[in-house]
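Chemist: I am attaching a structure below and will ask some questions about it afterwards.
The values are calculated or read from the model by the stated rules, or taken from the named source; none is laboratory data. All figures in this text were calculated on a predicted structure; none of them were measured in a lab. Backbone-built Cβ (ideal geometry, glycine too); neighbour counts: all protein chains shown.
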């Protein structure tokens with residue numbers, strides 16, 4: 001059941017996508033996440049940009065929330081993460097690698113890779129250190145003054161964190177938490193725009209429809225996951241039973257005929273267990289070998 005009075009804030013997919021389509025808003029949010037970087041004018045913005053592996057169409061594709069290029073050729077990916085699935089590290093690694101593959105064509109030197117900034121706006125603290133902003137680069141383990149210059153930076157903004165005095169970053173945090181922004185400026189404009197989206201019946205209907213569709217997709221995915229888990233559990237249980245069967249037969253035959261070799265023992269077990277046995281021949285041979293040591 002959906003709440004008719006629900007407020008759709010900045011981290012809502014539809015709201016976030018709409019806000020980030022505005023180049024001035026988009027630049028302000030990226031600049032807040034990257035206070036030490038001079039973000040030049042935004043040239044292009046792609047919402048829900050899908051990246052795949054050019055050389056392998058069977059690889060897992062990635063759909064970026066907001067992919068941005070500036071006039072200097074730098075590439076920014078801004079992602080909203082509402083739920084903590086405890087996979088932030090591997091997820092950022094895969095997104096980064098997908099971005100790199102998408103920006104480098106066959107035959108181009110690695111030095112042609114664009115400078116990339118991967119920004120995750122998280123509604124949770126993935127590390128429990130209460131920092132508002134986490135910034136990651138590659139350094140030598142023993143000497144942090146040695147940095148691997150790979151032109152890639154990974155940023156996590158933790159909306160539940162603290163410890164910053166940067167006004168823009170604090171306003172971004174308020175935006176993520178739906179807290180009121182008192183000061184005038186671009187972040188106040190963004191918040192006003194979000195309120196206008198919520199007050200627009202047509203846009204609210206679109207957001208409600210999208211929310212309902214997402215709930216339905218989540219329910220279907222969870223059902224499939226449960227079914228797959230049950231199926232996997234059944235197969236694992238059957239496999240354990242098959243392994244125990246081989247061990248028992250091995251010990252029994254060995255007791256009856258102590259001089260039997262592994263080859264003859266394998267043939268007798270194959271005849272004993274029948275065609276519905278789940279283990280492969282190599283599995284059976286390995287179990288026999290372990291039990292005859």
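Chemist: How about the stretch 181-201: which of its residues are assigned to a loop (DSSP other than H, G, I, E, B) and either within 19 Å of residue 24 (Cβ to Cβ) or at pLDDT 95 or above (or both)?
Modeler: 181, 183, 184, 185
Chemist: Just need a number here: residues in the stretch 256-277 that are at pLDDT 65 or above and outside any helix (DSSP H, G or I).
Modeler: 2
Chemist: Is it true that some residue in the stretch 228-239 is modelled with pLDDT under 70, surrounded by 11 or more Cβ atoms within 10 Å (Cβ to Cβ), in contact with a helix residue (DSSP H, G or I) (Cβ under 6 Å, 6 or more places away or on another chain) and farther than 25 Å from residue 175 by Cα?
Modeler: no
Chemist: Among the listed residues 68, 39, which satisfies the condition of being at pLDDT below 95 and more than 23 Å from the chain's Cα centre (by Cα)?
Modeler: When all the criteria are applied, what remains is 39.
Chemist: Can you find, within the stretch 92-133, the residue that is nearest to residue 72 (Cα to Cα) among those that are without any contact (Cβ under 8 Å) to a residue 12 or more places away in the chain and in a helix (DSSP H, G or I)?
Modeler: 112
Chemist: Only one residue in 70, 87 is assigned by TED's automatic domain parsing to the domain that holds residue 157 and buried (at least 16 other Cβ atoms within 10 Å of the Cβ). Which one?
Modeler: 70
Chemist: Just a yes or no: is a residue in the stretch 165-179 exposed (fewer than 10 other Cβ atoms within 10 Å of the Cβ), assigned by TED's automatic domain parsing to the domain that holds residue 30 and either free of Cβ contacts under 8 Å to residues at least 24 places away in the same chain or assigned to a loop (DSSP other than H, G, I, E, B) (or both)?
Modeler: Within the stretch 165-179 (the criterion being exposed (fewer than 10 other Cβ atoms within 10 Å of the Cβ), assigned by TED's automatic domain parsing to the domain that holds residue 30 and either free of Cβ contacts under 8 Å to residues at least 24 places away in the same chain or assigned to a loop (DSSP other than H, G, I, E, B) (or both)), the answer is yes, since at least one residue qualifies.
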